[in-house]
Amino acid sequence: MVESRDFHCPQCSTTRTGRLTEVRRFFTLYFIPLIPLGSGGKYVECESCGGTFAEEAMSYDPEQDRQESQTQMLRVMVMAALADGHVDDVERAEINKQYTEIAGLPVTAEVLNNEIAMAASSGQDLNSYVAIFAHELSPHGKGMVVSLAYQTMLATGELQPGHRDQITKLANTLEIPQDQYVELLKQISDPTDEGG
């Protein structure tokens, strides 16, 4: 055993004590280890459930991961609103509403203004931003990105030309088949329609 400390156990889904253990390789003769050959790697074992995980599990912080995810989704909404060149008050209200649903708290005006300024000066659009992390998203995460972007764009009642361009390209950026994407957009724009 190398060390023992608290970590977020993926199997228990809570903080537990884990043992970081190093696997050592030896040259053996007649099954007797004689010469150490170095490390075969390290793993973490949860003392509660007995699950074993990669060494990286010791440094995983679910709170930091949650905050990073919330920031990404806020930026998706800001980029979506900026697709027509500006963020109006209706779009700001929609971003705040959706962010509150995600984070449990509203985004402050100062944070929102900073995010809008950073997005405007970044030279990126919605699709170039989403492309950075699209490969990390689950199908649910991809649906969430589409929903947040589309609802933000629809806040004013109809899509502007810049909005239409970005929402159309989003299917390819997220690698969602076109027929599924069209159905997803229908569900987002009319959640009461059960699809026949």
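Right, D6: of a type in the set (D, E) and surrounded by 14 or more Cβ atoms within 10 Å (Cβ to Cβ) or not?
It is false that D6 is of a type in the set (D, E) and surrounded by 14 or more Cβ atoms within 10 Å (Cβ to Cβ).
Among the residues of segment 58-95, write down those that are among the β-branched types (V, I, T), touching a residue at least 60 places away in the same chain (Cβ under 8 Å) and over 17 Å from V146 (Cβ atoms).
The one that is among the β-branched types (V, I, T), touching a residue at least 60 places away in the same chain (Cβ under 8 Å) and over 17 Å from V146 (Cβ atoms): V90.
Go through (1) in contact (Cβ under 8 Å) with a residue 40 or more places away in the chain; (2) in a loop (DSSP other than H, G, I, E, B); (3) within 19 Å of A93 (Cβ to Cβ) one by one and return the number of the condition Q124 breaks.
With respect to (1) in contact (Cβ under 8 Å) with a residue 40 or more places away in the chain; (2) in a loop (DSSP other than H, G, I, E, B); (3) within 19 Å of A93 (Cβ to Cβ), Q124 is out only on (3).
Residues I132, I176: which one is buried (at least 16 other Cβ atoms within 10 Å of the Cβ) and either under 17 Å from the mean Cα position of the chain (by Cα) or not in a helix (DSSP H, G or I) (or both)?
I176
Every residue, every condition in (1) within 20 Å of T71 (Cβ to Cβ); (2) touching a Leu at 6+ places or on another chain (Cβ under 8 Å), yes or no:
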position: E110; (1), (2): yes, no
position: A117; (1), (2): yes, no
position: A131; (1), (2): yes, no
position: G143; (1), (2): yes, yes
position: V146; (1), (2): yes, yes
position: E175; (1), (2): no, no
position: E183; (1), (2): no, no
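I'm trying to understand the selection: among the residues of segment 40-59, which are among the hydrophobic types (A, V, I, L, M, F, W, C) and surrounded by 14 or more Cβ atoms within 10 Å (Cβ to Cβ)?
Of everything in segment 40-59, those that are among the hydrophobic types (A, V, I, L, M, F, W, C) and surrounded by 14 or more Cβ atoms within 10 Å (Cβ to Cβ) turn out to be V44, C46, F53, A57, M58.
For segment 144-164, indicate whether the set of residues that are aromatic (F, W, Y), over 19 Å from D190 (Cα atoms) and part of a helix (DSSP H, G or I) is non-empty.
No.
Which is surrounded by 13 or more Cβ atoms within 10 Å (Cβ to Cβ) and at pLDDT 95 or above, of I188, I95?
Every option except I95 fails the conditions.
So that you can scan it fast, the table gives a plain yes or no per residue for (1) in a helix (DSSP H, G or I); (2) out of contact with any Gly (no Cβ under 8 Å at 6 or more places or on another chain); (3) of a type in the set (D, E, K, R); (4) on the phi > 0 side of the Ramachandran plot:
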| residue | (1), (2), (3), (4) |
| --- | --- |
| R5 | no, no, yes, no |
| C12 | no, no, no, no |
| R16 | no, yes, yes, no |
| V23 | no, no, no, no |
| S69 | yes, yes, no, no |
| A83 | yes, no, no, no |
| Y99 | yes, yes, no, no |
| E115 | yes, yes, yes, no |
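The values are calculated or read from the model by the stated rules, or taken from the named source; none is laboratory data. Quick caveat: nothing in here was measured; it's all calculated off a predicted structure. Neighbour counts run over all protein chains shown; Cβ positions are idealised from the backbone, glycine included.
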